[in-house]
Amino acid sequence: MELHHAAIHTFTTKPWSIDQCIDGYARHGFGGISVWRETVAGHDLAKVKQKIKDSGLQGVSLVRCGFFTGNTKEARTAAILENRKAIDEAAELELPMIVLVCGATPGQIPSDNFLQIEQGIEEILPYAEAAGIKLAVEPLHPMYAGDRSAVCSLRNANDMVERLRHPLLGIAVDVFHVWWELDLQEQIDRCADEGHLFAFHVCDFKPDMEHVLLDRGLPGEGVSNCAVIDGWVRDAGFEGMTEVEIFSNKYWAQDQDEFLRKIATSLQPLRNPWEE
Ligand code: ZN
């Protein structure tokens, strides 16, 4: 099966080192890699960049930064500095884009979190522009609204990104987070029409999940109608990679080569825009 249009997030194979990830994804025929900052922490980024280049994999995103909210000015300033650092890292790794998980501070009302996020993005945009790095806001499922992100729907993300309007600012659509939205197809079309559809992540939402964060399914394993949403994203004109981002204690306990084979099989019902 042709997998050149598919990229794997390094957190998907969390037990693996960055070297194992690069070698493994290339060996299994995947075309791209999205690098988690956790995976490369403490590594020589120039070496990682070179290894990705030599492997033939396309570097898609650096994952992740954001977390703009805070109940003190100091906390919010620290977040800005951390985002600048992430932009520097993306530039060093020659990754064109950073995924933003926008943040939510427990105790603050969601609209205050949302406003702080908007202000934070506005503040780092010139720095991203100077580095030529794209920023992709990833709306999260509302079950994470308390402590991870106040941007909880594609509609909200579209509203924000259109208000801030900047050619390097767009959206990462992740099936796991947005599958439940009643106006999802309309919001995907809107996002694409505005030129804001920067990234597409897949995994599945299992209603009987054992852990709110770490029990995600392979596409097709849950209720998110991954293939339908994939069709909407492709019909909207998105031609970027299908990125596989699965957090799963269950799969991390298994052989990661076997897991990658399961991922490859799970992608078969999804469209390959490069073969259409
Ligand atoms: Zn994602």
Inset, instruction - Please label the shape of region 44-108 as rounded, prolate or oblate, based on the square roots a ≥ b ≥ c of the eigenvalues of the alpha-carbon gyration tensor (a/c under 1.5 means rounded; beyond that, a/b larger than b/c means prolate, else oblate). - result: prolate
Inset, instruction - With an 8 Å cut-off on Cα pairs and a minimum separation of 6 or more residues, tell me the relative contact order of the chain in percent. - result: 17
Legend entry - Accessible area per residue, Å², the chain with all protein chains present, probe 1.4 Å: 41
Inset, instruction - For region 6-275, build the charge dipole from Cβ charges (+1 Lys, Arg; -1 Asp, Glu) around the Cα centre, then report which of ILE109, VAL161, GLN119 sits farthest towards its positive end. - result: GLN119
Legend entry - Residue-averaged 222 nm ellipticity for the chain, from DSSP H runs of 4+ at -39500 (n - 2.57), nearest 500: -13000 deg cm²/dmol
Inset, instruction - Tally up the carbon and sulfur contribution to the accessible surface of the chain as a whole percent, 1.4 Å probe, everything protein left in place. - result: 50
Legend entry - With eigenvalues of the C-alpha gyration tensor scaled by 5 and rooted, the chain, Å: 27, 22, 19
Inset, instruction - Name the shape class, rounded, prolate or oblate, that the alpha-carbon gyration tensor gives for region 134-240, where a ≥ b ≥ c are the square roots of its eigenvalues, rounded holds for a/c under 1.5, and otherwise prolate holds if a/b is larger than b/c and oblate otherwise. - result: oblate
Legend entry - Cα gyration tensor, region 20-70 - rounded (a/c under 1.5), prolate or oblate: prolate
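The values are calculated or read from the model by the stated rules, or taken from the named source; none is laboratory data. This one's a predicted model, so the numbers in the text were calculated from it and none came from an experiment. For neighbour counting, all protein chains shown are included, and Cβ atoms are generated from backbone atoms with ideal geometry for every residue, glycine included. Please note that ligands, DNA and RNA were not included when accessible areas were found on the heavy atoms of the full protein model with its side chains. Shrake-Rupley method; radii C 1.70, N 1.55, O 1.52, S 1.80 Å.
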